[in-house]
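The values are calculated or read from the model by the stated rules, or taken from the named source; none is laboratory data. Just so it is clear, the structure is predicted and the values come from calculations on it, not from any experiment. Backbone-built Cβ (ideal geometry, glycine too); neighbour counts: all protein chains shown. SASA here: full protein model, heavy atoms, side chains in, ligands and nucleic acids out. Shrake-Rupley method; radii C 1.70, N 1.55, O 1.52, S 1.80 Å.
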Amino acid sequence: MNKLLFIAKKNYAEIILTILALLFSFWLMFHTFSYKEGQMLIASKAWSDFSSQIPLIRSFSFGLNFPPQYPLFAREPIHYHFLFYAFVGMLERANIPLDYALNIPSALGFSLLIVLIYTFANNLFHSKTTALLSILFFLFNGTLSFIYFFSKHPLSLNTPSEIISNAKFPSFGPYDAGLVSAFWNLNIYTNQRHLAASYAFAVLILLIFLFILPKLNNKRKSIAVIALGVSLGLFFYFHLAILLAATVSLFLLAIINKRLKEGLTIFVIAGIICFPQYLYLSHGSLAYSVKFHPGYLVANNLTFVSFFLHWIANLGLHIVLIPLGVFFSDKKQRFVFLAVLSIFIIGNLFQFSPEIAGNHKFINYFMLFGVMFTAYAILKLWTKEILPKPIIVSIVFFLIFSGIIDFFPVYNDKKGAILDYQRDPTVRWIIKNTKPDAVFLNSSYLYTPESLAGRKIMMGWPYFAWSAGYDVESRGKFIEQVFSLSEKKTACKFLSSQNIDYIRITNPPDPSFPKINQDLLAKFKRIYNDTNTQTVIYDVKENCRDT
């Protein structure tokens, strides 16, 4: 008991930090997604992302999705990182409510990331102050988006209340005209629920390699090296982009620290485990390969000036303070910086998916460590009294001001409701009357009843499948062609060629979906008809048996 009290007193700051991280993380995740009276309550800013994630989760909880396929693009091997959502699906299959199944792992991943940022910074710089500042700068971004806020809300006595009541991000590039990108605020972690856990894994890998492995004896070191290799290999389908970032960083650190033997062992083990996963991923309509595409979000208008202005707007004072922190650093600390800087460079030079904005994962990865060097620079400016303390306090304020403004659109976000199987008779009917691996030809894109029931559809919102590298154009033409046919026999031939089990039509039709020839559907016998929601389902095999 006395020993426990001693440990608690010695590590009281870390204990308090962990508790606060957990409390904040659970609030953040449940605030943006919850469940009440048979309805999913989804924050408006997460509405789009969740329309792809919920079907993925349900394909594992209510459906049958092995070998894994992308449920919004049926009959193709999955190209998306699915392990986190498969885990959530398994939790729901085990009768854990969906909001708990999703929010608990999300919150644990985010709180773990906060704690690991603190732990890594503390080990690297031997300073709890630096570690705590690192968390502050991680949670509240240092971009110049506050300039956009004041362009819409001029500075006045009402400014505090306008900040607190604000419900819109001041800049959301490249999706609006703002230079500051959409990927700096907490929204990326509430929307991409697997991202925080992925970053936590990457930080943990580097933490073990740099600070724990060298302290182990040969036997324990060998076991740890094998464990690192296996962990990296199994991470392939948890988050491929972060796996690449962690692997490159680890490889460079192994070279710089003259520990290439350990590094190579880790990479060989990881490669053996990754290889069959890569073979499965590459089998299908993967329509994208890595390209040299310099400029990141300004690639289409790349000049020295546009590139420089972009990063001034997005890094703010970090663009000066990170190099200053490196200047104050020792040799080992600079080695770490060089290793993670490589990921920033890669993110600015190459394109890994159809949407260049997806490279934000590399930029955010770099800034996990970049904020540590900013924090170290602030500490040195303070302790060496290089600048007057009021100026240093002002610098810290402007390093978090945009993040404070960006917090309130998340805090003030409203939720929309999606009826789930308890209250939606169509979803409930599909779960009870169709096979778990059934494929539907759908007539709408978002939150379709068959997707909520865990069944696969021919194509969800095209952006999702396109950004994952699928041949959306060909699939779209197929759907358009089927729905334009008038002859039942020809339609059955098309439907059978893609092994489609059911057709689901809801009126009025989705205006963004291909036009449906009602004369064709009149020739098909219905197996389900909900007059309240105007939803009709047709069994393809039953209707095409005699054609």
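Here are some notes:
- Rounded to the nearest whole Hz, the Karplus-based 3J(HN,Hα) values (6.51 cos²θ - 1.76 cosθ + 1.60, θ = phi - 60°) of the stretch 68-76 follow the sequence x, 10, 7, x, 9, 7, 4, 6, 10, with x at glycine and proline.
- Neighbours of F146, meaning other residues whose beta-carbon lies under 13 angstrom from its beta-carbon, give a summed charge of -1 when Lys and Arg score +1 and Asp and Glu score -1.
- Scaled against the 2.2 N^0.38 Å expected of a compact globular protein of N residues, the Cα radius of gyration of the stretch 383-475 reads 1.97.
- Around the amide H of F172, modelled in the peptide plane, lie the amide H atoms of G178, all under 5 Å away and 5 or more residues distant in sequence or on another chain.
- At q = 0.15, 0.25, 0.28, 0.35 Å⁻¹ the log10 of I(q)/I(0) for the stretch 143-183 amounts to -0.35, -0.83, -0.97, -1.21, computed by Debye summation with a single uniform scatterer per C-alpha, solvent ignored.
- Within the chain: Cβ-based charge dipole about Cα centre, in debye rounded to nearest 20 (Lys, Arg +1; Asp, Glu -1): 1440
- Couplings 3J(HN,Hα) for the stretch 251-268, derived from phi with the Karplus relation 6.51 cos²θ - 1.76 cosθ + 1.60 (θ = phi - 60°), are 4, 5, 5, 5, 5, 4, 8, 6, 10, 5, 4, 5, x, 5, 4, 4, 5, 5 Hz, where x marks Gly and Pro.
- In a DSSP loop and with at most 16 other Cβ atoms within 10 Å, the GluC sites (Glu not before Pro) in the stretch 1-105 are E37.
- Rh (Kirkwood; distinct C-alpha pairs) - the stretch 149-294, Å: 18.7
- Taking Cα atoms only, the orientation of helix 47-61 departs from the longest principal axis of the chain by about 70 degrees.
- For the chain, adding -39500 (n - 2.57) for each run of n ≥ 4 DSSP H residues and dividing by the number of residues yields -19000 deg cm²/dmol at 222 nm.
- Fraction of accessible area attributable to carbon and sulfur, the chain (%, probe 1.4 Å): 65
- Gap separating the Cα centres of the stretch 344-363 and the stretch 326-343, nearest whole Å: 21
- Put simply, the C-alpha atoms of the stretch 317-474 give a gyration tensor, and the ellipsoid matching it has half-axes of 49, 22, 12 Å, longest first.
- Alpha-carbon radius of gyration plus Dmax, which is the widest Cα pair, for the chain in Å: 25.6, 87
- At 0.692 mPa s and 37 °C, Stokes D of the stretch 440-482 from Kirkwood alpha-carbon radius, µm² per second: 306
- Between helix 12-32 and the chain there is an angle of about 30 degrees, using the helix long axis and the longest principal axis of the Cα atoms.
- Degrees between helix 195-207 axis and first principal axis of the chain (Cα, 0 to 90, nearest 10): 40
- Take the chain with all the other protein chains still there, run a 1.4 Å probe, and you get 45 Å² of accessible area per residue.
- About the Cα centre, charge dipole magnitude for the stretch 360-511 (Lys/Arg +1, Asp/Glu -1 at Cβ), debye: 260
- For a straight C-alpha distance cut-off of 28 angstrom, the lysines reachable from K36 (same-chain residues fewer than eight places away being disregarded) are K45, K168, K414, K415, K432, K435, K456.
- Rounded to two decimals, the Cα radius of gyration of the stretch 52-141 over 2.2 N^0.38 Å is 1.47.
- Residues in the stretch 174-188 carry Karplus couplings, in order, of x, 8, 9, 7, x, 6, 6, 6, 7, 9, 9, 8, 5, 4, 5 Hz; the curve used is 6.51 cos²θ - 1.76 cosθ + 1.60 with θ = phi - 60°, and Gly or Pro positions show x.
- Listed residue pairs exceeding 25 Å between alpha carbons, taken from K128/K361; K128/K389; K493/K525; K477/K523; K258/K291; K493/K515: K128/K361; K258/K291
- Think of each Lys and Arg Cβ as +1 and each Asp and Glu Cβ as -1; about the Cα centre, that makes the dipole of the stretch 4-83 roughly 160 debye.
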